[in-house]
Every structure is written in C-alpha cells, then in structure tokens.
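Participant: Can you keep this structure in mind? I'll have questions shortly.
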C-alpha cells in the first residue's frame, strides 16, 4: 500500500470513529424526551399558579370591599350584605375554618388507629389467601362515590349515632374542661356525623399507605426481633412500627389532606349552620368546602360569590400549610430513622 | 451452656428440599463451623436450630433438634421461648434503627419482661463489655444504633444476642459484610465467647473457619436443585489437613467452591 493511501484510510477510520462518538448521534431522541419532560414539569407548576391566581382574583372584589381582616369573625349572613356598606362584614369565615379543622381532626383520631390496625392485620397477621381479598375490599372503599357516603350518612349513620350521642351527653359532657365538646342537644345532622363519615372515607388512604410502609420493613429487622424471642405482637412493636413511624405519619397526613377538602358527603350530614361556632360536636356546623358547595348555586347577594371564593382561598392555604407541615415532619422522622421517605 | 443434637433433619421451602438428612452433635463450650459452597444449606440448617426456618412462608422441616434432652420441635414447646434460649447474629448487621444503643442491647431483656432499671443497666454494660464495644460507646449509649460503623453495629448485635444469656449462640456469616479489621475483632470476640456459650458459626470463608473453630462440618450439594448434605464433621485441624472425604479435600484446598 502506498503511503498516501494508508494515511487516507487512517483518517477515514478516525473520522468514522469520531462520527460514532459524536454528540449528534444521541441528540434528537434525547432532546425530544427531555423537552417533553420539562414541558410537563412546567405545566404542573403553571397550573398550580393559575389555580391560585384564579381563586384569588375571583375573591378580590370582596377582599377589596371589606378588607382582608374583616373576614375573621364567626358570623356568615349573606342576607345582611349590601353594596353600599362595607362594615360590618357579614361574611365571617372563622367558623368554617374551625369546622374544617375539627371535622378533619376527629376523622383522623378515628381512622388512623383503625386504619393502622387493619393494615397491620393485612400485612402481619392474616393468612395469605385472605390478604388479596381484604386488600381489594379496602381499595373498593375508596371507589365508592362520596355522594353515596353522604346518603349512607343520612339514612344509616345519623339515626345510628343517636344512642352514642345520648351516652356522650350523659357522661362525657359532665367532665369539667372538655365537657363542652359533648353537650347536647344532638341534632342528628352534626359535626359528629360528618366526622364519622369522613373517617370512613379516609380509611382506604390510611390503610393502603400504611400497608405499603409495613411491607418495606426489611426481613432483617423482623428476623432480629423473632430471633430474640419476640411474639408476633412484640415483633410488630420492636421492629415493624418503629421502622414505619415516618411512613404512617405520612399516611395520616395524606388522609388529612383528603379530609380537609372533602365536600359533598360532609355537606350532606353536617347541618350547614353558618351563623357561628358550635363547640359541641353534637351540634351543627359547616366547613370551608361545605359552605361553598351549599351556597354556590344560589349566591345572589352582593359580594356573596366573591366571599365564597375567599373561603375557597382559605381552604387552599389550609391544605397547603398542612401538606408542608406533613413533609417537614416526614422528612425529619425519616432522617432520624436513617431511611429516605 | 447446652448441647445441640441435630437428628435426621431435612429442611424444605415448599416443595424444594434445601437440606437432606443431617445429623450432628454440637458440643458446648466449643466453636463449631459450618462450611461449604453457596447453596449447600448451611444457613438453612443453622436456622432450624432456633426454629427460625419455619417463619418463612411454606418452609418446614423433618427430623428433630434437641437442646440437651429437650426436643425443641416437641408438641408442647413454644418456638418463641426456644428462641429466647438461642441467640442469633445475622449476616448483615441489623440493629433496630430507631432504637438507641442501650435500647438495642436491652431489647431482648425487655421482651423477657425485665423492667428493673439496675438489672438492665448492668446487663447492658456487661454485654457491651463482652462484645468489646463498651469503651467505644459508653459515653453515647443514647445515640441511635444505626449511627455506628458496620463492624460496631455487628458487635452491637452480638451484645444484643448475648444480653439475654442464651444457652447457644448462632452466627450466620457474621463477618461477610465487614472489612478485615472488623472481621478480626469479631473473630477475637468469638474466641472469648466460647468459654461461655455453645457457638455455631456459618462461614464460607475457610480461613475464618480454620482460625475460629474447634470443630468443622463440611456441607455440599451434588448439583443445582439438589438438597445440601453434610459430608463430614471432625476436629477443624483434621478437616483442614487430613479430611476423610475427597470432596472435603477438594473444597478446603480450593479446587472447587
């Protein structure tokens, strides 16, 4: 081979290798994929901002007219509103914030222990054959439309709660300090009824996530407890629960997130009393979500609909705060137990 | 200290037979090493001694195991109480991650309903000293056990296992996840512990078996899917210098496995 030709071949080889390693080879497919992902990511953020913007802008006329701080009282009386006067503000929302909080808290107090118990039963105790059926059944609970829960609340739960309410009136109401929370009379449609309906509705969330968390407990930890001579309950207590703590807290807060925003079922059984706070859980109340659902279609007073948007905005802020707190707690607990959450 | 007699034990996972017809006597105050290639059933066998094998779904055994004269698979025997007599150290260090160093060591005692603070304190100190960890952790007993190094975690697990003063201590490849220095420390520890406990150690490190054990049992499998069998068991020095079976010789001289 002549010298010149050999050089040419060598050059051709290097250039084809350069071609093989060239950035351009990879670029088109990757670029499309990367941009698609980026766009989706931005879309999510944009949607959230647009949503907040929308609610806030719809609420603005009312906020302007009355001033932000004038909403912080406990009386909601649209019929007293007039275009001319801006004081007093007839649209107080504190009773709705309280209603949302108390209903959600009672719902969590009921559903977290029950949900964790069910999840423990499914993951630790029940025979394998039953496991699948039970899991599916608990997931089906989540598939029941909330309006059906509302009907069930009206038809079954409210009458069924009457004896329990009577018991509370006669015993718990007499405890000094906290007695006020259980004072009669029982209205049927009540904060208590809404809380119980809600607790059933958040149960599937709590069960599903807790079950998932329990199944991630490493076999090593379980076997350590078994080998030390732990009974089933002791294994759960020493190995399963401590390892799952942050996950169970996360599950609870996700359930709480759902509870805060739940609308129809709550509206159907809470009684929709908007004129003040009922400290007794046997009394009637309203939540931020229920007042919106209840009045939106007939909001014909001045600044009525705009003030409902104020309630909506408050609900958004509330859920946002709860979610942030949840994340902080979960992250902190995760760090303490040395596992990523 | 108690003698462990394994009698015609076969162990199954569902339909798969992992160990076939093993009989052996494990003497007290000695270290017995179980060696053999991967999958030969040595870990499965050690887990039949504290009835841990059966906690795996579908797992069961045939044959029986005696702790001195008691049949631990007997009708009236509670496996939970068997495990309180037989401590175990696992392949990967597994301290309870949310518990402090103190609580980890005390966990076995607490399962045994020991509540007295002084008893717990002295048991924790004694066990940590015995495990050679006391000097390193005595000033931070309330820190989480998960914050220790791998070797320290394994010694913490040993302390946890011996805190309940078991009759027998089982160790399932206790050094396989550790660096050489930590391994050495654990081996020294085994030498000290054998005066107090009947020790069974599974290892696939032959040098380790030669260093720490008095008696060695060699297991192997005839092929994939076959059950593991005990080939021979003898004084460690004899197994490594003059074994009775040519498969043992092939393994200890490094010709297979």
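The values are calculated or read from the model by the stated rules, or taken from the named source; none is laboratory data. Please read these numbers as outputs of a predicted model, since none were measured by experiment. Cβ atoms come from the backbone with ideal geometry, glycine included; neighbour counts cover every protein chain shown.
Participant: Just the residues that are without any contact (Cβ under 8 Å) to a residue 40 or more places away in the chain and under 18 Å from residue B:236 (Cβ atoms), please, taken from segment B:1-50.
Facilitator: B:25
Participant: Here's a follow-up. Sort out which residues of segment A:158-177 are out of contact with any helix residue (DSSP H, G or I) (no Cβ under 9 Å at 6 or more places or on another chain) and not in a helix (DSSP H, G or I), and write them in order of number.
Facilitator: A:176, A:177
Participant: Okay, moving on. May I ask you to list the residues in segment B:35-53 that are under 26 Å from residue B:192 (Cα atoms), more than 14 Å from chain A (Cβ to nearest Cβ) and either within 10 Å of the chain's Cα centre (by Cα) or assigned to a loop (DSSP other than H, G, I, E, B) (or both)?
Facilitator: B:36
Participant: Anything in segment B:162-193 that is in a loop (DSSP other than H, G, I, E, B), away from chain A (no Cβ under 14 Å) and farther than 24 Å from residue B:41 by Cβ? List them, or say none.
Facilitator: Matches in segment B:162-193: B:179 only.
Participant: Just to check your reading of the model, which residue among A:177, A:229 is surrounded by 14 or more Cβ atoms within 10 Å (Cβ to Cβ) and either within 23 Å of residue A:278 (Cβ to Cβ) or in the same structural domain as residue A:283 (by TED's automatic domain parsing) (or both)?
Facilitator: On the way: A:177 fails: surrounded by 14 or more Cβ atoms within 10 Å (Cβ to Cβ).
After ruling out the rest, the residue left standing is A:229.
Participant: For residues that are closer than 17 Å to residue B:143 by Cβ and surrounded by fewer than 21 Cβ atoms within 10 Å (Cβ to Cβ), scanning just segment B:100-116, find the one that is farthest from the other protein chains (Cβ to nearest Cβ). Show your work before the answer.
Facilitator: Within segment B:100-116, the first condition is being closer than 17 Å to residue B:143 by Cβ, and the residues that meet it are B:100-107.
Keeping just the survivors that are surrounded by fewer than 21 Cβ atoms within 10 Å (Cβ to Cβ) gives B:100, B:102.
On the way: B:100: 11, B:102: 14 Å.
Result: B:102.
Participant: Which count do you get for residues in segment B:117-148 that are crowded, with 16+ Cβ neighbours inside 10 Å and within 12 Å of chain A (Cβ to nearest Cβ)?
Facilitator: Number satisfying all stated conditions: 4.
Participant: A follow-up question, please. Identify the residue in segment B:57-84 that is within 14 Å of chain A (Cβ to nearest Cβ) and surrounded by 15 or more Cβ atoms within 10 Å (Cβ to Cβ) and, among all such residues, is farthest from residue B:194 (Cα to Cα). Break it down stepwise before answering.
Facilitator: Going residue by residue through segment B:57-84, those that are within 14 Å of chain A (Cβ to nearest Cβ) are B:57-59, B:67, B:72, B:77-84.
Pick out the ones that are also surrounded by 15 or more Cβ atoms within 10 Å (Cβ to Cβ) and you get B:59, B:67, B:72, B:79-80, B:82-84.
Working: B:59: 31, B:67: 17, B:72: 22, B:79: 25, B:80: 24, B:82: 20, B:83: 19, B:84: 19 Å.
Out of the qualifying residues, it is B:59.
Participant: Please go through segment B:165-192 and pick out each residue that is surrounded by 24 or more Cβ atoms within 10 Å (Cβ to Cβ) and over 22 Å from residue B:36 (Cβ atoms).
Facilitator: B:166
A quick yes/no check of all residues on (1) within 24 Å of residue B:106 (Cα to Cα); (2) in the same structural domain as residue B:234 (by TED's automatic domain parsing):
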| site | (1), (2) |
| --- | --- |
| B:169 | yes, no |
| B:180 | no, no |
| B:187 | yes, no |
| B:193 | yes, no |
| B:206 | no, yes |
| B:216 | no, yes |
| B:219 | no, yes |
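A quick yes/no check of all residues on (1) more than 30 Å from the chain's Cα centre (by Cα); (2) closer than 21 Å to residue B:101 by Cβ; (3) not assigned by TED's automatic domain parsing to the domain that holds residue A:259:
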position: A:208; (1), (2), (3): no, no, no
position: A:212; (1), (2), (3): no, no, no
position: A:218; (1), (2), (3): no, yes, no
position: A:222; (1), (2), (3): yes, yes, no
position: A:236; (1), (2), (3): no, no, no
position: A:239; (1), (2), (3): no, yes, no
position: A:242; (1), (2), (3): no, yes, no
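Participant: Quick one: which residue in B:87, B:151 is more than 11 Å from chain A (Cβ to nearest Cβ) and in contact with a helix residue (DSSP H, G or I) (Cβ under 7 Å, 6 or more places away or on another chain)? Step through it out loud before you land on a result.
Facilitator: Values: B:87 fails: more than 11 Å from chain A (Cβ to nearest Cβ).
Selected residue: B:151, the only one of B:87, B:151 that is more than 11 Å from chain A (Cβ to nearest Cβ) and in contact with a helix residue (DSSP H, G or I) (Cβ under 7 Å, 6 or more places away or on another chain).
Conditions tested, residue by residue: (1) in contact (Cβ under 8 Å) with a residue 24 or more places away in the chain; (2) in the same structural domain as residue B:101 (by TED's automatic domain parsing); (3) under 17 Å from residue A:223 (Cα atoms).
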| site | (1), (2), (3) |
| --- | --- |
| B:123 | yes, yes, no |
| B:130 | yes, yes, no |
| B:134 | no, yes, no |
| B:140 | yes, yes, no |
| B:144 | yes, yes, no |
| B:148 | yes, yes, no |
| B:151 | yes, yes, no |
| B:154 | yes, yes, yes |
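Okay, residues lined up against (1) within 15 Å of the chain's Cα centre (by Cα); (2) surrounded by fewer than 20 Cβ atoms within 10 Å (Cβ to Cβ); (3) not in a helix (DSSP H, G or I):
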| site | (1), (2), (3) |
| --- | --- |
| A:95 | no, no, no |
| A:100 | yes, no, no |
| A:109 | yes, yes, no |
| A:112 | yes, no, no |
| A:116 | no, no, no |
| A:121 | no, yes, no |
| A:129 | no, yes, no |
| A:133 | no, yes, no |
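Participant: For the subset of segment A:264-277 comprising residues that are assigned to a loop (DSSP other than H, G, I, E, B) and buried (at least 23 other Cβ atoms within 10 Å of the Cβ), which member is farthest from the other protein chains (Cβ to nearest Cβ)? Walk me through how you get there before you give the answer.
Facilitator: Initial filter on segment A:264-277 (assigned to a loop (DSSP other than H, G, I, E, B)): A:270, A:272-277.
So of that shortlist, the ones also buried (at least 23 other Cβ atoms within 10 Å of the Cβ) come out as A:270, A:274.
Working: A:270: 39, A:274: 46 Å.
Top of the filtered list is A:274.
Participant: With the condition kept exactly as written, say whether any residue in segment A:70-78 is without any contact (Cβ under 8 Å) to a residue 12 or more places away in the chain, out of contact with any strand residue (DSSP E or B) (no Cβ under 6 Å at 6 or more places or on another chain) and not assigned by TED's automatic domain parsing to the domain that holds residue A:301.
Facilitator: In the first step, residues of segment A:70-78 are kept if they are without any contact (Cβ under 8 Å) to a residue 12 or more places away in the chain; the result is none.
No, segment A:70-78 contains no residue that is without any contact (Cβ under 8 Å) to a residue 12 or more places away in the chain, out of contact with any strand residue (DSSP E or B) (no Cβ under 6 Å at 6 or more places or on another chain) and not assigned by TED's automatic domain parsing to the domain that holds residue A:301.
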